[in-house]
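K.L.:
Here it is: the structure, laid out below.
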Amino acid sequence: MNDSLAGTPLDRRGFGRLLGANTVLLSSLALAACGGGGGRSAVALPGPTSPTDPGTPVTPSDPTPPREPRTYPTASPIADAVAQPATIGSYQRKTGYFTWSVNAGGVDREIEVYIPKGARQREFWIGITLPDGVQSNRFLGDAGWFDIADQNLACLLIMKPGAGGAWGPVQSEQTYVTAAMATLVSSGTHYSAFTYHYVVGYGAGAAPLQLYAASTPLSMISQVYVEASADANYNALLSAAGSTQVGATLQPNHMDFTGYVDINGNPVTQQRTFAAQYFRDIAIPTWFVGKTSSSLLSYWAGVNDCEILSIADADFGQIFWQDKSISNAIATAGSDIRTQVAINAASIKSDNPAITANIYRFLSQYSGYDNNSAYGHYITRRLDYKQAIASRNLIVKDHDWSGSTTKQTYMVYVPDSVKKNYGPSNPAPVVFATHGAGQTAFVFFEATDIKEAAAKYGFIAVTYDTTTTAYLKDLVPLVKQECLNLGVAADDRRLYVYGQSAGGGATSGFARDDSLVATFAAFGITSGTWVSPPAGSSTKLVPVYAIYGEYDYWPMKFGPLVAGEWRGSQGSQYAWSTNVQDYWLNRLINRSLTQEVASPTYALVDGITASLVPQNTSINLLLKPTSTVNRYRTYTWTRAGAPLFVWGQCYGRGHNLVPQDLKKIWEEWFSKWQRGMAPDTLLYWPSGVGNGAPATVAQV
């Protein structure tokens, strides 16, 4: 291969075809893994690979030492299992090895689940399709999957071949896989899942699982296929799946409002905002193990916008990293995250536990959050929780709280960047992140990608289970002590609180409590709900930054809706947005929403650069945003020499936040606010805390 190809501009589909044309040999060549990550290498071409046998590829040995006799667990019906009491908190209430069944095409088919003790609610799950002709418990035991699950608190969903122990026609088996994966919901009958998945397919079971992933990419994190093959018919099915446009949901993710009505019950006249996305546009990190059809490698390399050249890797063989310079994958925009397609074509035994360990290692490089809007979908890095705890970067604490009969969990994360710049006598800023309805400390830690923001900007990140005002008051001193336990003091003058959805409503409540108003320097909200202020609520000035999505539960528009405008997916709750605007304007600016609409006093920054977003706007606003051209429009109101209220609009996003929201709140808000030394005073630093001169804001 000519190395100059790496610099040749190619569209992503042309790139996929080029890669496919040069990887015909990959299903027959063993790509021996090199140590230490290796250097860049071209796609394997014919030629000598061994000095002693110039025509025979070198195949890494796969020794299978004699195994000690072992006892395999036996699955029992999950319906017969007794759920643990709800007082255990955010943990799975049924743990063990179970059988269950799903109805697929009118036929009941068995699935199995393995839920290790200590697994959390809405935990990451791994969906596994077993190879033909194996006994499930023996295969999972020999391959080390039970051990992986126990060690990492990963839950397993096991899908099995049908009658006779063999997988049938791929389309009918895809129906079974779809029904099985549909049990992984946040509030399931017997277990709770993250609803954003890892999947592993073995042998003939790889085909229906791979087709499922290609057809539901917004629910995928990463995937591995072992001994995966394809023929022309299957390739056509995969191509058809990829060519399907992402469709409408309650958060219309292709921005088509057909069937939706406005506040008067008439059809919505808005249209698609951004250029249409297809399933093939949704990147999914992928690893192929063993003999693999080259067409599969080519398809997923195209999906992930991979580079032409590969990197040799000790664990995964050859890695084709995403080329971010040509990629149009929204899931990896706005960060340094790169997806990949890897292949190790060495001859392997599927039940080799060393292979399984590498499979888990590949999968768990990545994380993300389920978001059924293609324009809000993202992939991020998963934290190695065991390592973070061992290195004293993270504390995960369960505790009993007097305000609840249920055990609570909080997480305190001090990244290395904070430890480098702060210490016991040099306190660091802290962001308390408040989750949405049905979420947990663990889920929100991943969902916000607050770990990446904390590392990038240098703050301590805190997530926690309970969102009440009374709990937060108790939590603050606990967190301060945990910060010291991790080697860094919390800065009393730089504590911030942020909330999403129901957590945004809770954050509004925090800002109405005088003691928390005196605790936190600034408040942030994304997609927050409206909560009427109770009698006696604080009226002091506080800095508030709110962001809503274009296709949120509640309209993001500033001001009342008019005919033809979408009223949000919650229908009758459309007025909540204007209620939020009216409350904060009255409290912070001493003006009503009606006054502001009639005679605006805000400063507008319009990253969309149009008063009305035209249909099929380029997704470059999402892929390559700049300070002046991006997906955000913000309205800012200033009082006492400082901005006190910001209403942000995030175009293309549904209800679930995107990591850029939190980064925007940090860059434009939290990083600029500090509590003053005198009671009831705040300092606003336009260039960031400690830079230049601040404006002093009296809160009363």
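K.L.:
What number of residues within the range 304-319 are open to solvent by 20 Å² or more (accessible area, probe 1.4 Å) and in a strand (DSSP E or B)?
P.N.:
3
K.L.:
Next question. Return yes when T434 is within 20 Å of G118 (Cβ to Cβ), in contact with a strand residue (DSSP E or B) (Cβ under 9 Å, 6 or more places away or on another chain) and either polar (S, T, N, Q) or modelled with pLDDT of 95 or more (or both) and no when it is not.
P.N.:
No: the conditions fail for T434.
K.L.:
Within the range 320-346, can you find the residues that are under 23 Å from S294 (Cβ atoms) and part of a loop (DSSP other than H, G, I, E, B)? Talk me through it step by step, then tell me what you get.
P.N.:
At the first step, the residues of the range 320-346 found to be under 23 Å from S294 (Cβ atoms) are 320-323, 326-327, 329, 338-346.
D323, I326, S327, A329, R338, T339, A345, A346, listed by residue number.
K.L.:
Would you confirm whether any residue within the range 185-205 is open to solvent by 10 Å² or more (accessible area, probe 1.4 Å), more than 18 Å from the chain's Cα centre (by Cα), without any contact (Cβ under 8 Å) to a residue 60 or more places away in the chain and over 21 Å from I115 (Cβ atoms)?
P.N.:
Within the range 185-205 (the criterion being open to solvent by 10 Å² or more (accessible area, probe 1.4 Å), more than 18 Å from the chain's Cα centre (by Cα), without any contact (Cβ under 8 Å) to a residue 60 or more places away in the chain and over 21 Å from I115 (Cβ atoms)), the answer is no, since none of the residues qualifies.
K.L.:
Filter the range 235-248 for residues that are assigned to a helix (DSSP H, G or I) and open to solvent by less than 40 Å² (accessible area, probe 1.4 Å); which is farthest from I619 (Cα to Cα)? Show your work before the answer.
P.N.:
First, the residues of the range 235-248 that are assigned to a helix (DSSP H, G or I): 235-242.
Filter once more, keeping what is open to solvent by less than 40 Å² (accessible area, probe 1.4 Å): 238, 241-242.
Working: L238: 25, A241: 22, G242: 19 Å.
Among residues in the range 235-248 that are assigned to a helix (DSSP H, G or I) and open to solvent by less than 40 Å² (accessible area, probe 1.4 Å), the one farthest from I619 (Cα to Cα) is L238.
K.L.:
Tell me the residue from K291, K324 that is basic (K, R) and either in contact (Cβ under 8 Å) with a residue 60 or more places away in the chain or open to solvent by less than 10 Å² (accessible area, probe 1.4 Å) (or both), please.
P.N.:
Numbers: K324 fails: either in contact (Cβ under 8 Å) with a residue 60 or more places away in the chain or open to solvent by less than 10 Å² (accessible area, probe 1.4 Å) (or both).
Selected residue: K291, the only one of K291, K324 that is basic (K, R) and either in contact (Cβ under 8 Å) with a residue 60 or more places away in the chain or open to solvent by less than 10 Å² (accessible area, probe 1.4 Å) (or both).
K.L.:
While we're looking at this one, here's another question. Only helices (runs of 4 or more DSSP H) wholly contained in the range 429-499 count here; list those with 3 or more residues that are of a type in the set (S, T, N, Q) and within 27 Å of the chain's Cα centre (by Cα).
P.N.:
On the way: elements: 441-447, 450-457, 469-485.
Passing ranges: none, list empty.
K.L.:
Follow-up. So the check is Cβ under 7 Å with 6+ separation or different chains; which pairs have a first residue in the range 370-386 that's under 15 Å from S219 (Cβ atoms) and open to solvent by 10 Å² or more (accessible area, probe 1.4 Å) and a second one that's in a loop (DSSP other than H, G, I, E, B) and not hydrophobic (A, V, I, L, M, F, W, C)?
P.N.:
D370/T195; D370/Y196; N372/T249; N372/Q251; N372/N253; N372/G654
K.L.:
Give the range 542-560 a look and list any residue that's assigned to a loop (DSSP other than H, G, I, E, B) and either open to solvent by less than 10 Å² (accessible area, probe 1.4 Å) or in contact with a helix residue (DSSP H, G or I) (Cβ under 6 Å, 6 or more places away or on another chain) (or both), or say none. Don't jump to the end; show me each part of the working.
P.N.:
Step one: list which residues in the range 542-560 are assigned to a loop (DSSP other than H, G, I, E, B), which gives 542-543, 550-560.
V542, P543, Y551, D552, W554, P555, G559, P560 - these are the residues of the range 542-560 that are assigned to a loop (DSSP other than H, G, I, E, B) and either open to solvent by less than 10 Å² (accessible area, probe 1.4 Å) or in contact with a helix residue (DSSP H, G or I) (Cβ under 6 Å, 6 or more places away or on another chain) (or both).
K.L.:
Going by the structure shown, is V177 surrounded by fewer than 21 Cβ atoms within 10 Å (Cβ to Cβ) and farther than 23 Å from K386 by Cα?
P.N.:
On the way: surrounded by fewer than 21 Cβ atoms within 10 Å (Cβ to Cβ): no; farther than 23 Å from K386 by Cα: yes.
The answer is no for V177.
K.L.:
Ok, one more. How many residues, within the range 249-276, are in contact with an Asp or Glu (Cβ under 9 Å, 6 or more places away or on another chain), open to solvent by less than 70 Å² (accessible area, probe 1.4 Å) and among the hydroxyl-bearing types (S, T, Y)?
P.N.:
Count: 1.
K.L.:
Okay, moving on. Looking at the structure I just gave you, is A301 within 30 Å of K664 (Cβ to Cβ), open to solvent by less than 10 Å² (accessible area, probe 1.4 Å) and part of a helix (DSSP H, G or I)? Don't jump to the end; show me each part of the working.
P.N.:
Values: within 30 Å of K664 (Cβ to Cβ): no; open to solvent by less than 10 Å² (accessible area, probe 1.4 Å): yes; part of a helix (DSSP H, G or I): yes.
Here the answer is no, as A301 does not meet what is asked.
K.L.:
Just to be sure before I move on: is D416 at pLDDT 95 or above, among the acidic types (D, E) and loosely packed, with under 14 Cβ neighbours inside 10 Å in the structure I sent?
P.N.:
When the stated conditions are applied, D416 passes them.
K.L.:
To continue, here is another question. What number of residues in the range 306-332 are in contact with a Gly (Cβ under 9 Å, 6 or more places away or on another chain), closer than 15 Å to I282 by Cα, of a type outside the set (V, I, T) and at pLDDT below 95?
P.N.:
Total meeting the criteria: 1.
K.L.:
Quick check on the range 387-401: of everything there that is small (G, A, S) and free of Cβ contacts under 8 Å to residues at least 12 places away in the same chain, which residue is most open to solvent (accessible area, probe 1.4 Å)? Spell out how you get there, then give the answer.
P.N.:
In the first step, residues of the range 387-401 are kept if they are small (G, A, S); the result is 388, 390-391.
Okay, now just the ones that are also free of Cβ contacts under 8 Å to residues at least 12 places away in the same chain, so 390-391.
Numbers: A390: 79, S391: 46 Å².
Checked the range 387-401; the qualifying residue most open to solvent (accessible area, probe 1.4 Å) is A390.
K.L.:
Anything in the range 667-692 that is open to solvent by 20 Å² or more (accessible area, probe 1.4 Å), in a loop (DSSP other than H, G, I, E, B), over 18 Å from V431 (Cβ atoms) and in contact with a Ser or Thr (Cβ under 9 Å, 6 or more places away or on another chain)? List them, or say none.
P.N.:
A678
K.L.:
Next question, about the same structure. Based on this model, can you work out whether S335 counts as modelled with pLDDT of 95 or more, polar (S, T, N, Q), more than 16 Å from Q223 (Cβ to Cβ) and surrounded by fewer than 22 Cβ atoms within 10 Å (Cβ to Cβ)? Give the derivation first.
P.N.:
Numbers: modelled with pLDDT of 95 or more: no; polar (S, T, N, Q): yes; more than 16 Å from Q223 (Cβ to Cβ): yes; surrounded by fewer than 22 Cβ atoms within 10 Å (Cβ to Cβ): yes.
For S335, the condition - modelled with pLDDT of 95 or more, polar (S, T, N, Q), more than 16 Å from Q223 (Cβ to Cβ) and surrounded by fewer than 22 Cβ atoms within 10 Å (Cβ to Cβ) - is not met.
K.L.:
Let me ask something else about it. Being part of a helix (DSSP H, G or I) and not hydrophobic (A, V, I, L, M, F, W, C) is the filter; apply it to the range 358-369 and report the residue that is surrounded by the fewest Cβ atoms within 10 Å (Cβ to Cβ). Show your work before the answer.
P.N.:
Pass one, the range 358-369, residues part of a helix (DSSP H, G or I): 358-363.
Then keep just the ones that are not hydrophobic (A, V, I, L, M, F, W, C); that gives 358, 360-361.
Values: N358: 22, Y360: 21, R361: 14.
Checked the range 358-369; the qualifying residue surrounded by the fewest Cβ atoms within 10 Å (Cβ to Cβ) is R361.
K.L.:
Of the residues that make up the range 418-440, is at least one at positive phi and out of contact with any helix residue (DSSP H, G or I) (no Cβ under 7 Å at 6 or more places or on another chain)? It would help to see each step written out before you state the result.
P.N.:
So the first thing to find is which residues in the range 418-440 are at positive phi, and the list is 438.
With out of contact with any helix residue (DSSP H, G or I) (no Cβ under 7 Å at 6 or more places or on another chain) added as a condition, the list becomes 438.
Checked the range 418-440: at least one residue is at positive phi and out of contact with any helix residue (DSSP H, G or I) (no Cβ under 7 Å at 6 or more places or on another chain).
K.L.:
Take the residues in the range 607-650 that are over 28 Å from P694 (Cβ atoms) and among the small types (G, A, S), then tell me which one is surrounded by the most Cβ atoms within 10 Å (Cβ to Cβ).
P.N.:
Across the range 607-650, the extreme among qualifying residues is S618.
K.L.:
In a loop (DSSP other than H, G, I, E, B) and modelled with pLDDT under 95: is that true of A283 in this structure?
P.N.:
Numbers: in a loop (DSSP other than H, G, I, E, B): yes; modelled with pLDDT under 95: no.
Here the answer is no, as A283 does not meet what is asked.
K.L.:
Considering every residue within the range 100-108, establish whether at least one is modelled with pLDDT of 50 or more and either open to solvent by less than 30 Å² (accessible area, probe 1.4 Å) or within 30 Å of H399 (Cα to Cα) (or both).
P.N.:
Within the range 100-108, the first condition is being modelled with pLDDT of 50 or more, and the residues that meet it are 100-108.
Next, only the ones that are either open to solvent by less than 30 Å² (accessible area, probe 1.4 Å) or within 30 Å of H399 (Cα to Cα) (or both) stay: 102, 104.
Yes, the range 100-108 has at least one match.
K.L.:
Continuing with this model, one more query. Test W637 against the criterion of being part of a strand (DSSP E or B), over 21 Å from Q270 (Cβ atoms) and among the hydrophobic types (A, V, I, L, M, F, W, C), and give yes or no. Spell out the reasoning first.
P.N.:
Working: part of a strand (DSSP E or B): yes; over 21 Å from Q270 (Cβ atoms): yes; among the hydrophobic types (A, V, I, L, M, F, W, C): yes.
It is true that W637 is part of a strand (DSSP E or B), over 21 Å from Q270 (Cβ atoms) and among the hydrophobic types (A, V, I, L, M, F, W, C).
K.L.:
Here are S538, S599, S572: which of them is over 24 Å from A437 (Cβ atoms) and free of Cβ contacts under 8 Å to residues at least 24 places away in the same chain? Outline the logic, then answer.
P.N.:
Working: S538 fails: free of Cβ contacts under 8 Å to residues at least 24 places away in the same chain; S572 fails: over 24 Å from A437 (Cβ atoms).
Sole residue among the options that is over 24 Å from A437 (Cβ atoms) and free of Cβ contacts under 8 Å to residues at least 24 places away in the same chain: S599.
K.L.:
Can you find a residue that is in contact with a strand residue (DSSP E or B) (Cβ under 7 Å, 6 or more places away or on another chain) and open to solvent by 30 Å² or more (accessible area, probe 1.4 Å) anywhere in the range 578-594?
P.N.:
no
K.L.:
So G164 clears everything in (1) within 23 Å of the chain's Cα centre (by Cα); (2) at pLDDT below 95; (3) surrounded by fewer than 22 Cβ atoms within 10 Å (Cβ to Cβ) except one condition, right? Which one?
P.N.:
Failing condition for G164: (1).
K.L.:
Now, a different point. Quick one: count up the residues across the range 477-511 that are under 20 Å from P543 (Cβ atoms) and either open to solvent by 10 Å² or more (accessible area, probe 1.4 Å) or of a type outside the set (A, V, I, L, M) (or both).
P.N.:
First, pick out the residues of the range 477-511 that are under 20 Å from P543 (Cβ atoms): 490-500, 503-511.
Now restrict to residues that are either open to solvent by 10 Å² or more (accessible area, probe 1.4 Å) or of a type outside the set (A, V, I, L, M) (or both): 490-494, 496, 498-500, 503-510.
Final tally of qualifying residues: 17.
The values are calculated or read from the model by the stated rules, or taken from the named source; none is laboratory data. Please read all numbers here as calculations on a predicted model, not as lab measurements. Neighbour counts are summed over all protein chains in view; Cβ atoms, including those assigned to glycine, are modelled from backbone coordinates with ideal geometry. The protein model used for the area step is the full one, side chains on, heavy atoms only, and it has no ligands, DNA or RNA in it. Shrake-Rupley method; radii C 1.70, N 1.55, O 1.52, S 1.80 Å.
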